[in-house]
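See below for the structure under consideration.
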Amino acid sequence: MSEIIFEVTQDEIDGGYVAVALGPSIATEGETLEELRQMVRDAVQCHYGDGAAGAMPRVIRLHFVHDEVLAV
């Protein structure tokens, strides 16, 4: 695997961001985008460094999901 994709949402209740990998069982969170980026890197390195099946991905893609609600 050369790329891993995380779906990122903003936590509307507590603030901050939550990232969940599409595929491998990896999830993390951060208060700011910079903190989230570092937490995602750490989580991926920890997951694959612990002998998980497959090679360490070379690219981490963050896919931001943003919902917008409009009044009718």
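The values are calculated or read from the model by the stated rules, or taken from the named source; none is laboratory data. Computed from a prediction, not measured in an experiment: that's the story for all the values here. Cβ atoms come from the backbone with ideal geometry, glycine included; neighbour counts cover every protein chain shown. We work out accessible area using only protein heavy atoms, side chains counted, and drop any ligands, DNA or RNA first. Shrake-Rupley method; radii C 1.70, N 1.55, O 1.52, S 1.80 Å.
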Quiz item: Cβ-Cβ below 6 Å, separation at least six or inter-chain, first residue in the range 18-47 and closer than 13 Å to residue 6 by Cβ, second of a type in the set (Val, Ile, Thr) and assigned to a loop (DSSP other than H, G, I, E, B): which pairs?
Solution: 43/26; 47/26
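Per-residue answers, yes or no, for (1) charged (D, E, K, R); (2) in contact with a strand residue (DSSP E or B) (Cβ under 6 Å, 6 or more places away or on another chain); (3) modelled with pLDDT of 95 or more; (4) open to solvent by 50 Å² or more (accessible area, probe 1.4 Å):
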| residue | (1), (2), (3), (4) |
| --- | --- |
| 39 | no, yes, yes, yes |
| 51 | no, no, no, yes |
| 55 | no, no, no, yes |
| 60 | no, yes, yes, yes |
| 64 | no, yes, yes, yes |
| 67 | yes, no, no, yes |
Self-check item: Matching residues, the range 18-32, being under 14 Å from residue 60 (Cβ atoms), open to solvent by 50 Å² or more (accessible area, probe 1.4 Å) and either of a type outside the set (Val, Ile, Thr) or over 8 Å from the mean Cα position of the chain (by Cα) (or both)
Solution: 22, 23, 27
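Would you confirm whether any residue within the range 2-15 is open to solvent by 90 Å² or more (accessible area, probe 1.4 Å) and at pLDDT 95 or above?
Of the range 2-15, the ones open to solvent by 90 Å² or more (accessible area, probe 1.4 Å) are 10, 12-14.
Still in the running and at pLDDT 95 or above: none.
Within the range 2-15, not a single residue is open to solvent by 90 Å² or more (accessible area, probe 1.4 Å) and at pLDDT 95 or above.
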